[in-house]
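A short worksheet on the structure shown next.
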Ligand SMILES: Nc1ncnc2c1ncn2[C@@H]1O[C@H](COP(=O)(O)OP(=O)(O)O)[C@@H](O)[C@H]1O
Ligand SMILES: C=C(OP(=O)(O)O)C(=O)O
Ligand SMILES: [K+]
Ligand SMILES: [Mg+2]
């Protein structure tokens, strides 16, 4: 009987929905994979479509169950591997912010098929029920259809911003116009009045200081202090958007005020409780200023959650740049939140700061996400600017672990297209970097404190070097907590890294790690048996063939019955 149907077909980066075929012969004679995804397309007649589609839907569920049971391969990686081969697997991971434009099951599935590795929910927006609904839909897709999309919540955080500016959407501030900035709550609209969210917003602010809106959309000069309020003159005309961010500048330098606010508000804590109870995989913490805040949240999460949830620190304040290294050390990963960072530092500093953070994260072996405005014009238009494609490519060239879409997917009508731009641009740059063999040398930063950690690190460095030098097809790593997989990924080797784990939270966390395809399997204490079993499974699926060579790195922490640690590198040629 026919399979596929609404699972959709991916071919040459184009999603072909509802292609119909005969399961024995494949799609009009083209062979099909065991999970019912077909790898070619043909024209078909409309009448046949309706008839066979019904049958197709029936079998998709069954087939995807099989996928998750025999070998924890997600459907998207499997298709990609079949289509493009080992070296064609995308290395850079993709994060999509889910919003009203992409929250139906159908839209979410399109994003999953388009390569979304992590779905991000920005808790600044929408209701608890709305977020809950999206989480349930993603889990349904993972469980019922064999996708592997991780979930991230992003806290609102505390920041000085506009609550009201006297207009329903944006309002223009004209040159020389006089505006009143206050925290007083008022009914209705008051022209030329901006209500800020933070009582202490004007403390320490002097006459002559500047208020910059959204990092440069408009600028005002403080001309009078009226109690706690400020009367200001517009010196650089522009737009005030709803929730516009306010920063204060004196003599060309930021007067840091955001750090006066708590990193996690009462609402953030309740959002975190919600995330924990819904079993999300990542919590991105907004406006982190120091390592203590991150450590505090990590400790809290580890006592509250039965599964491991990773805490990502968002670098988006001037303070956090001063304490970068300690924050990276304390966190499970970093998001370079360029949107708000651009409010706190001059825009021309963003590219170098991004490169520095990206490099530091790799040195310290923490995944890093480059976020905000990557394809901003695609919120409105179906194609990106050339400059945006260059920005995306640069982040890939810097070997960021992941790229993130914000408004492009959350509110834009071209979210799916934006995702495919990220996919194509990263694929191209990854290939180029590999061909040029660029930046393969990494200054080795010794991470391990204990000798066991140092050994693991050296094994992974050697493994990556061997895999490159021998031109091997893939790296297999067996890992419970994901440490070995991330240490190999850190070296950015040419072959893809297949990380076999029996811990589902490890699998979901590895979704954010460069070049790693995580697979959920049963692991026994007998490592040789684990290795031959997984090779057989992949071989039986036709994903690896005779003569292919893989590098196998195993690291299973010894249990009470197996006292010796299994840390080894083997090269296996498939017989
Ligand atoms: N869950 C949501 N519900 C409604 N709108 C959303 C949601 N998530 C994001 N958005 C919209 O997408 C835009 C871009 O998302 P993001 O960059 O995460 O937020 P922000 O602009 O607040 O920093 C937001 O300004 C908001 O308009
Ligand atoms: C990712 C960011 O945070 P948010 O979208 O939550 O403001 C950012 O500021 O770039
Ligand atoms: K946020
Ligand atoms: Mg931000």
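Which one is nearest to the chain's Cα centre (by Cα) among residues in segment 231-252 that are modelled with pLDDT of 95 or more and more than 16 Å from residue 343 (Cβ to Cβ)?
237
Applying the selection to segment 240-284, what residues are assigned to a strand (DSSP E or B) and within 14 Å of ligand 1 (Cβ to nearest atom)?
Within segment 240-284, 245, 284 meet the criteria.
Step by step: first the residues of segment 293-332, then only those that are closer than 23 Å to residue 258 by Cβ and free of Cβ contacts under 8 Å to residues at least 24 places away in the same chain, then the one that is farthest from ligand 3 (Cβ to nearest atom). Which residue is that?
Per the criteria, the residue is 322.
One residue is enough: does segment 250-264 have a residue meeting the conditions farther than 30 Å from residue 178 by Cα, touching a residue at least 12 places away in the same chain (Cβ under 8 Å) and within 16 Å of ligand 2 (Cβ to nearest atom)?
Yes; the residues of segment 250-264 include at least one that is farther than 30 Å from residue 178 by Cα, touching a residue at least 12 places away in the same chain (Cβ under 8 Å) and within 16 Å of ligand 2 (Cβ to nearest atom).
Give the residue that is farthest from ligand 1 (Cβ to nearest atom), with candidates limited to residues of segment 144-169 that are more than 25 Å from residue 369 (Cα to Cα) and out of contact with any helix residue (DSSP H, G or I) (no Cβ under 8 Å at 6 or more places or on another chain).
Looking at the filtered set, the residue picked out is 166.
What is the number of the single condition among (1) in contact (Cβ under 8 Å) with a residue 40 or more places away in the chain; (2) surrounded by fewer than 16 Cβ atoms within 10 Å (Cβ to Cβ) that residue 412 does not meet?
Of everything listed in (1) in contact (Cβ under 8 Å) with a residue 40 or more places away in the chain; (2) surrounded by fewer than 16 Cβ atoms within 10 Å (Cβ to Cβ), residue 412 misses just condition (2).
Name the residues in segment 266-299 that are within 16 Å of ligand 4 (Cβ to nearest atom) and surrounded by fewer than 16 Cβ atoms within 10 Å (Cβ to Cβ), would you?
Across segment 266-299, the qualifying residue is only 267.
Please go through segment 337-352 and give me each residue that is more than 14 Å from ligand 3 (Cβ to nearest atom) and under 23 Å from residue 514 (Cβ atoms), ordered by number.
Across segment 337-352, the qualifying residues are 350, 351, 352.
Quick one: is residue 399 on the phi > 0 side of the Ramachandran plot, surrounded by 19 or more Cβ atoms within 10 Å (Cβ to Cβ) and at pLDDT 90 or above?
The answer is yes for residue 399.
How about segment 60-162: which helices (runs of 4 or more DSSP H) wholly inside it have at least 2 residues that are at pLDDT below 95 and surrounded by 19 or more Cβ atoms within 10 Å (Cβ to Cβ)?
Result: 75-84.
Looking at segment 273-292, which of its residues are within 14 Å of ligand 3 (Cβ to nearest atom) and under 22 Å from residue 160 (Cβ atoms)?
Selection gives 284, 285, 286, 287, 288.
I'd like the full set of residues that are in contact (Cβ under 8 Å) with a residue 60 or more places away in the chain and in a loop (DSSP other than H, G, I, E, B), limited to segment 178-203.
Scanning segment 178-203 gives a single hit, 198.
Got a sec? Which strands (runs of 3 or more DSSP E) wholly within segment 308-372 have at least 3 residues that are in contact with a helix residue (DSSP H, G or I) (Cβ under 7 Å, 6 or more places away or on another chain)?
Where strands (runs of 3 or more DSSP E) fall fully within segment 308-372 and carry at least 3 residues being in contact with a helix residue (DSSP H, G or I) (Cβ under 7 Å, 6 or more places away or on another chain), they are 310-315, 368-371.
Tell me the residue from 121, 105 that is under 24 Å from residue 421 (Cα atoms) and in contact with a strand residue (DSSP E or B) (Cβ under 7 Å, 6 or more places away or on another chain), please.
Answer to the check: 121.
Looking at segment 454-473 only, could you name the residues that are within 14 Å of residue 434 (Cα to Cα) and assigned to a helix (DSSP H, G or I)?
Matches in segment 454-473: 464, 465, 467, 468, 469.
Please verify whether residue 115 is touching a residue at least 12 places away in the same chain (Cβ under 8 Å), within 23 Å of residue 267 (Cα to Cα) and in contact with a helix residue (DSSP H, G or I) (Cβ under 6 Å, 6 or more places away or on another chain), treating the condition exactly as stated.
The answer is no for residue 115.
The values are calculated or read from the model by the stated rules, or taken from the named source; none is laboratory data. Small disclaimer: the values here were computed from a predicted structure and weren't measured. Cβ coordinates were reconstructed from backbone atoms using ideal geometry, including for glycine residues, and neighbour counts include every protein chain displayed.
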